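Heads up, the thing below is written out as structure tokens.
Since every read-out is calculated from the coordinates, none of them should be taken as a lab result. The structure displayed is predicted, hence computed values, not measured ones. Quick reminder, even Gly has a Cβ in these numbers, built from the backbone with ideal geometry, and neighbours come from all protein chains shown.
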Amino acid sequence: MRKKIPDAELSIQFDDLDILREVIGHRNTHLAFIEKHFPIKIYHRGNFLKLSGEEPVVDTVHKVIKEMIKSIEKGRTLTIREIEFLCKNLKTNDINIDELMEDVILITPRRKPITPKNLTQKQYVDAMRKNDIVFSIGPAGTGKTYLAVAVGVAHLMNQDVQRIILTRPAVEAGEKLGFLPGGLAEKVDPYLRPLYDALYDMLDYEKVTRFIEKGIIEIAPIAFMRGRTLNDSFIIMDEAQNTTSDQMKMFLTRLGFNSKAVITGDITQIDLPKGQISGLVEVQEVLKDIKGIDFIYFTEKDVVRHPLVQDVIRAYEAFSKQKEAK
């Protein structure tokens, strides 16, 4: 007969209420997840959390919460996936999430370190360093584009590549940009604004301007990639869900020597004409078994914007499923 382990209680005091709120999670989601994962009760009273359960479980959950606090103090946004990782691994191992996530990709001109904010972002950064072609698929707000630009800029600054090429399909203009005023960069500027924003966050404005003028940073729609071979380049294609099958194949076959390609997109936000297959949807099946190509999948749990963004994404997904069912 298994001997019952006596119950134990442990109180954790928080001097910083902002940290306490992050630990609890939006609408108590973080504590509720931990209680589902462990046979434990967690009570919130003022600036205290009280853990109640069998002693080994209380000790493990205490470790989980301490690692959550360290992660928050480093400026990272906690996700359910990160908490799940802690819950699973701290049952049998002592891990240090702080060391795991201490990966500085780049230091901005304002001395701000750019680091992964959750485990999926860490996997994504590692995949970009290891593989020559990486696809990142998931909703907005998960850092797909921003981290791709950060890794690209780091490669450029380290002289691992000679240039960065930024591209995306200009679906709204039907890839026919000639009627728009200005040069090529001005024509596609509205479509590449997230890439510009990321660049200006990571490099001085003057440096970005100079790099664009010299062709070290090149900005072009997908249509202008045809017929080229791109050597010594870090190539980022954003909004790839709006490529056709032919465009995706054309883009991937532009890759030259000493080049990397990162393709980002959200397959729930396809703007192609009805009935046309997205190149990003199709490529998952076509390239799934090729070594050197990696697919990283983000979910609404990886969103690092306002907590309500996760609720918005989930609400739209539920609404779409209801429409499909009807």
| Relative frequency of Cα-Cα separations exceeding 24 Å in the chain, percent | 60
| Max mean-square fluctuation residue, GNM over the chain, Cα-Cα springs under 10 Å, options ARG110, ARG129, ARG314 | ARG110
| request: Please list, in chain and number order, the residues 5+ apart from SER136 or on another chain whose amide H is under 5 Å from its amide H, with Hs placed from the backbone. | output: ILE263, THR264, GLY265, ILE296
| When the Kirkwood hydrodynamic radius is evaluated over all pairs of different C-alpha atoms of the stretch 216-291, what value in angstrom, to one decimal, is obtained? | 13.1
| Peptides ranked, highest mean first, by Cβ atoms within 10 Å: ranges 139-148, 21-30, 205-214, 237-246 | 139-148, 237-246, 21-30, 205-214
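Can you show me the helix-derived [θ] at 222 nm for the chain, built from DSSP H runs with n ≥ 4 at -39,500 (n - 2.57) apiece and divided by the number of residues, rounded to the nearest 500.
Theoretical 222 nm ellipticity from helices: -12500 deg cm²/dmol.
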